[in-house]
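The values are calculated or read from the model by the stated rules, or taken from the named source; none is laboratory data. Only a predicted model underlies this, so the values are computations on that prediction, with no experimental measurement involved. Virtual Cβ from ideal backbone geometry, glycine too; neighbours counted across all protein chains shown.
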Amino acid sequence: MGAGVIRVGNGMPEFQWDTIKRLNPSIAIAVPSFVLKLIEFAEQNNIDYKNCSIKKIVCIGESLRNEDFSLNTLGKRIKEKWDVELYSTYASTEMGAAFTECKAGKGGHHHPELLVVELLDEANKLVKDGEPGELTVTTLGVEGMPLLRFKTGDICIAHTEPCSCGRTTMRLSPILGRKQQMIKFKGTSLYPPSLYDILNHISYIKNYIVEVHTNDIDTDEISITIGVIDPPQNFEKELKDHFRAKLRVAPNIKIDTPENITKIQFPEMSRKPITFFDRRKK
Ligand SMILES: [Zn+2]
């Protein structure tokens, strides 16, 4: 590509901004939630980030988009502050390849010379066109540890119509969820991220946990406990209506304080917050 690469460590906004100022890179590769930290640091320290040399950010590790390719909460929060070109990707070290979206932002393009891709159902059969399935890859470019029909555990949809950019390769949707986390709720299949995206949009919800358990007729039941600060009147009904509009079903909702939720999210020995608790009968 003829591109020079500047490698910097992670997690230090001051160092990143200093490097950007000194070397004027035009593209950054970054975890999107860290981009928010960069913006926050720039605002607190009067760095004119909107006019810096960075014009594009290739985002890794976290998706920027919803299933319909609109920007998700994370993508919107970056764009609201900074009108930079954002590109979402899906990749893993094992695959030795990435699905990266083009300017159209309609899914990560498949590189057929690097990977054979299959989307499989519960019975390991190919799903029908446009249906969600488990992303299964066979590597063509990896030496040493090639993978043969490696099941990623990630549920995605393949889009096969030609893209407006001119490429005709398959485009991969954002991950709908992890296979083990699929919830069958009142006749609808859904994954925790679709619940998170709704909850992340609501300003009075500070944090939350999602629990799924098996009810007495052996189907899945969802309970969401939310930590709220200054909620509006009748918010419980509004919240349920909001879930119904987005997902066609409404989970049980319990209210708690943000402090109590934080305690549940960080059980002993856990450094990462846990948001999803699977209490279903196996
Ligand atoms: Zn394209």
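Some observations on this one:
- The stretch 37-59 residues that are over 20 Å from Y87 (Cα atoms), paired with ones that are in a loop (DSSP other than H, G, I, E, B) (beta carbon under 8 Å, 6 or more apart): F41/I47; A42/D48
- Beta carbons closer than 6 Å, at least 6 apart along the sequence or on distinct chains, pair a first residue in the stretch 232-251 that is in a loop (DSSP other than H, G, I, E, B) with a second that is at pLDDT below 90 and aromatic (F, W, Y) for V249/F185.
- Residue match in the stretch 135-157 (condition: part of a strand (DSSP E or B), within 16 Å of the ligand (Cβ to nearest atom), buried (at least 16 other Cβ atoms within 10 Å of the Cβ) and of a type in the set (A, V, I, L, M)): no
- Tally of residues being among the aliphatic types (A, V, I, L, M) and either assigned to a loop (DSSP other than H, G, I, E, B) or loosely packed, with under 13 Cβ neighbours inside 10 Å (or both) across the stretch 206-229: 2
- Against the numbered list (1) closer than 30 Å to V249 by Cβ; (2) aliphatic (A, V, I, L, M); (3) modelled with pLDDT under 95, M95 comes up short only at (1).
- M170 meets each of the listed conditions (1) under 26 Å from L190 (Cβ atoms); (2) within 19 Å of the chain's Cα centre (by Cα); (3) of a type outside the set (D, E, K, R); (4) within 16 Å of the ligand (Cβ to nearest atom) apart from (2).
- None of I39, I57, I27 is out of contact with any Ser or Thr (no Cβ under 9 Å at 6 or more places or on another chain), surrounded by 11 or more Cβ atoms within 10 Å (Cβ to Cβ) and under 30 Å from P132 (Cβ atoms) except I57.
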